[in-house]
Structures are given as structure tokens and as C-alpha cells.
1. Tally up the residues in the range 34-57 that are among the polar types (S, T, N, Q), farther than 26 Å from Ala493 by Cα and in a loop (DSSP other than H, G, I, E, B), please.
2. In this structure, is Thr282 polar (S, T, N, Q), open to solvent by 30 Å² or more (accessible area, probe 1.4 Å) and within 30 Å of Ala422 (Cα to Cα)?
3. For the range 298-317, name all the residues that are touching a Leu at 6+ places or on another chain (Cβ under 9 Å) and not aliphatic (A, V, I, L, M).
4. Residues in the range 220-234 that are loosely packed, with under 15 Cβ neighbours inside 10 Å and closer than 28 Å to Asp187 by Cβ: how many?
5. Among the residues of the range 58-73, how many are open to solvent by less than 50 Å² (accessible area, probe 1.4 Å) and assigned to a helix (DSSP H, G or I)?
6. Which of the residues that make up the range 336-352 are open to solvent by 50 Å² or more (accessible area, probe 1.4 Å) and either more than 26 Å from the chain's Cα centre (by Cα) or of a type outside the set (D, E, K, R) (or both)?
7. In the range 204-213, is there at least one residue being over 20 Å from Thr282 (Cβ atoms), open to solvent by 50 Å² or more (accessible area, probe 1.4 Å) and not hydroxyl-bearing (Ser, Thr, Tyr)?
Amino acid sequence: MKSIITAVALALAATSAAAQDTILYRGGPIVTMDGDTPQTVEAVVTRDGHILFAGSEKQARRQAGKDVAVHDLKGATMLPGFVDAHSHFAVAMQMAGGLDLRDGGLPPVTDIASLQRTIGDYIVRQAIPKDGWVIVWQYDNESLAEKRHITRAELDAVAADRKIVVLHQSLHGLVANSAALAAAKLDNASQPPPGGMMLRDADGRLNGVLLEKSTFLMLAAMPQLSPEQKLARLDAAQQRYFAEGYTHAQDGATMPADLAFFTSPAARDHLKIDLALLPLYTGLDALLARPDVRFGQYDGHVKLQGIKVILDGSVQARTGYFTRDYARGGPDGAHPWHGAPAMDQAAFDLLAKKATDRHWQLFVHANGDAAIDMAIRGFDAAGIKAADDRRPVVIHSQFQRREQLVDYKRIGVAPSYFSNHAWYWADVHRTNFPKDVVDFISPLRSARAAGLIPSNHSDFSVTPLDTRFMLWTSMARVSPTGVVSGPDERLGAYEALQALTTAPAWQAFEEDRKGRIRAGLLADFVILDRNPLTTPVDGIRSIKVLETVKEGRSVWKAK
């Protein structure tokens, strides 16, 4: 009898524990993203971090059982958690230690004089000592009235006794003052490495502007975060993503030190968000030599997703690689100029073959159409075909030609587009390229029509993580001057949502794990104050995230 009583007690305890872990979501539109057309359900039941049921509320209550916790949406809209197709998660930790020019609390930076004042005020406010480092983020020379880079001399005028580094918003360039250049052991006799540029003044002296691979020379000299500092900033970084509704993040160019940190036991214990790492190609051979390295498998919430390769630079910085010339010439004023590749074709072909032979996914940065040609040739050389389901991702695919979509389909390429360019830099692009070329940037609709599965990304910190703004730019494609870039490429709300949910989940080989609300998938949700499917286009970007749920647990709530 005693054993029977014990068994009953244990069963009741198990039932009680299951009930406590079971949550019923109801009371608002629940958009499942499960299918090619919008589908909504009345209720969702979750248990043990997964979706148990999605359907009618009556059936949901039967599935949930008695004493279930009810999450009343109170009219808010629930969707699957957003999946980050491409950003730089590590930068979210690094930016905490510098001056962010996009900080809304700062006075506007509209010209070189206001940039100098902002940096000088920051030095005073932070009491940065002599010989200290001053790191400035989100600098954009195209947003300055002068339409040129600030120079080392102009930075020296702010504080010659501090090391000042102003990082270009593209993350493909920077400007350094004399003290910072000296710390990196760079002088007027220095020459750029292959794939890099060092701009000079009329007298041939370094003017402080370093582009592409030349930036690595400065980055290596700058202070690096210790593992302890990274750990202290990790939660704030993932909360930054959760606040935008992301339940999956990407570190889009993982350096060796960050790879070691994110895969450390300490980081794994603190991570709540799923984090996909893309180790940079420069460390490929070292990874190939390690028999313990596994790609595509989670350890806690972190996994190695694929190898990141960079084929060209930034179009707004005029370092993207094209088959046509930039009307304004190169960053140094050179004419004619159509950019340059970050590596030659043979080098990329070898990298692609090495990674493909190990069945490691390729993530290739290519902005200009000539760089995209290189990616296509490299995939062909590696023997990648759509039937093999390798899903190589071409990040940005910004200025591709229409016929390149046919090659993408043949190879099985997954393009990850960057619709925010239509707002931030389409007006700049029009000063360099014809209207028809700019109108085809991030051709999300054409890619879908070609049978591809395109995602959309922020490339944070290049543009903000704001998911609703990304939805809006893919639907509106308008610039600050009111010019629409490619009206025929605008997406509807559901298609725009697919580019932030189902498409990036598929690109990460996780379509059966996340990106939809369906029984068996992770209980990853974002709750919005309005339904994007019924909100006018002009109102999309003002939609607010109310809550983010990761595996059935609330990880962020609006205050």
C-alpha cells in the first residue's frame, strides 16, 4: 500500500510540475508563419521549451490540462521569434566601451566640426587620460556636409595626446589620428597589405584613412576585451537582441579570440539566445587541423554555423567590387575605379573547396556584381549544386545582376539581402550608378520569383537591429529624400516577415526547429503591440516589441 501511495504521489507531483511548465497563449492574433500564405490560430500550448499544440483554444485547453498557466495576449500579436540572418553579435559587446554616434542623446553630427566637438566632449565626459584610447563607432563620411573623410590632422586637433580611432559604420574602414597610427607602427612609409588601402594627402603622407584589410593593422593594436570583460557584457548584448524580438543571433565574422570565448563553459552558461558563429576564413586551416571541431551542432545555445569569407568591401565606402565604374571614382579620387576584390579567384576557389570538402557551410560577403561573379565561380569550382543542399549564403548580394539569380538557383545559393540600404544609402548609390542598377539592390521579390529563399538582415552594427524597421524598408524601399528604389521589388507584409523568420531558419538548416509556430518546434516567440499583416506600410516601423519568449521562458519585456 505504501508503495502505491508513493507512486501516486510521484505521479501527482510530475503532473503538477508539467502543469507549472505548461503555458497556454491566447487572447490575440497568433501568426504561425507556417505556410506560403498567412495562417493564424487561436491558441498555442508550450511545454518543456517546445510547442505542444497550435490551433483552436478549445482543443488547446484540452491539451494543456488543468491548472495550466495562461498567457493572455490582451489583443497583442504573437509570431515566431525573429531569426537573425546576419549581424555581428560580438560588436554589441565591444560598442559598450566607446562613443556611439547613433546615440540619440548626442547632438547631431552633421559636419566635421560637429564630429570634432562630439569627440572632444566625450573625452572630457569620460575623463579619458592622456595616451588613452578613444574609440568612435557609427561614423559615416557620406552623412557629413563635406562629403569626405575626417583626417588625422583634424582628429589631432581634437586631442593629439590621445589615440583616436573613428570606425566607419560599414566596418570596412576607419580613420586614425597620429597617436593611434604610431601605436599601430604605421608611418608615411607604410604600405597597405594586399586587399587594403591607405589614403594619403597631396604630399603623400598618410591622412589617417585605412580601408579594408589595412584596418586589421589598426584593430590589432587597439585594446582587446578580456574574457572577463566579455562575460560582464554578454547579458547586455543578448538583451539588446531580445529587445528587438530575436531569439536567434549570428556573429557574422567570428575572430579567434571571440570563438574561444563564445564556446567557453562560462559563456555557454550565460547564453540564453541561440548564437550561430561564423569563424573568419583566415582561421580556416587552423580549424581544419582540429578533429574536435563540429559545425552545425549546438553546445548549449551556441554552434559553429559556417565559414565566413569576404570577397569585397562596402559600396557606400566605394570599396565594393563591380564590373562597372563608380562615377565618383575611388576613395582616394582615382578614376576609373570599379573597386577591387579582397582576394583573387584562385584563393577563394581553394577556400571554398576546403570548406565544402568538410561539409562546412559557406557564408560569403559579396556586395558588387563582380564579387558575386567570384562567389558563383568559386561555388562551381567546389562542385556545389542545388541538388546537394549545401545552402551557401551570399551575404548582402547587394548589387547583383538579374542573370545571377539563375546561377543562384542552379547552385542552391541562399541570398541574405540588406533592404536597409534603400533608406540609408540608396541616395549615395545614385551618385555612383545608374537608376536601373540602384533599383535592383536587394531584389527580394525577384529572388523569390526565381525560386530562391531570401532572408533580410540588419548587418548590425552597420544599421540598427530594429526588426520592424527592416520589415518597413523591405516593404517601402524609400530613401530619406523620398526616392523609391525599385517599386517592383517591394514585399508585402507576410513576405517581409518570412525574410525574418522562415527564410533565415532555413538558411541555418533549422527550418524544423524554429521560424514557425508548429507542434514540435521550439517555443520561441515575439509579441508585438500590433499585427504587421493588418498595419499600413507607413505604420510598420512604429510597431513595438512587447515581449520576447525563448523556449517557453520570457526573456525580455517592455517596461
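The values are calculated or read from the model by the stated rules, or taken from the named source; none is laboratory data. Bear in mind the structure is a predicted one, so any value in this text is a computation, not a measurement. Positions of Cβ are backbone-derived with ideal geometry, glycine not excepted, and every protein chain shown enters the neighbour counts. Only protein heavy atoms, including side chains, enter the accessible area calculation; ligands, DNA and RNA are left aside. Shrake-Rupley method; radii C 1.70, N 1.55, O 1.52, S 1.80 Å.
1. 0
2. Criteria not met by Thr282.
3. Scanning the range 298-317 gives Gly300, His301, Lys303, Gln305, Gly306, Lys308, Gly313, Ser314.
4. Qualifying residue count, the range 220-234: 3.
5. Final tally of qualifying residues: 2.
6. Result: Pro336, His338, Ala346, Leu350.
7. Scanning the range 204-213 turns up at least one residue that is over 20 Å from Thr282 (Cβ atoms), open to solvent by 50 Å² or more (accessible area, probe 1.4 Å) and not hydroxyl-bearing (Ser, Thr, Tyr).
Residues checked against (1) in contact with a Cys (Cβ under 7 Å, 6 or more places away or on another chain); (2) open to solvent by 10 Å² or more (accessible area, probe 1.4 Å); (3) not in a helix (DSSP H, G or I):
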{"residue": "Ala371", "(1), (2), (3)": "no, no, no"}
{"residue": "Ala375", "(1), (2), (3)": "no, no, no"}
{"residue": "Arg401", "(1), (2), (3)": "no, yes, yes"}
{"residue": "Ser416", "(1), (2), (3)": "no, no, yes"}
{"residue": "Trp423", "(1), (2), (3)": "no, yes, no"}
{"residue": "Val428", "(1), (2), (3)": "no, yes, no"}
{"residue": "Asp436", "(1), (2), (3)": "no, yes, no"}
{"residue": "Phe440", "(1), (2), (3)": "no, yes, yes"}
{"residue": "Arg448", "(1), (2), (3)": "no, yes, no"}
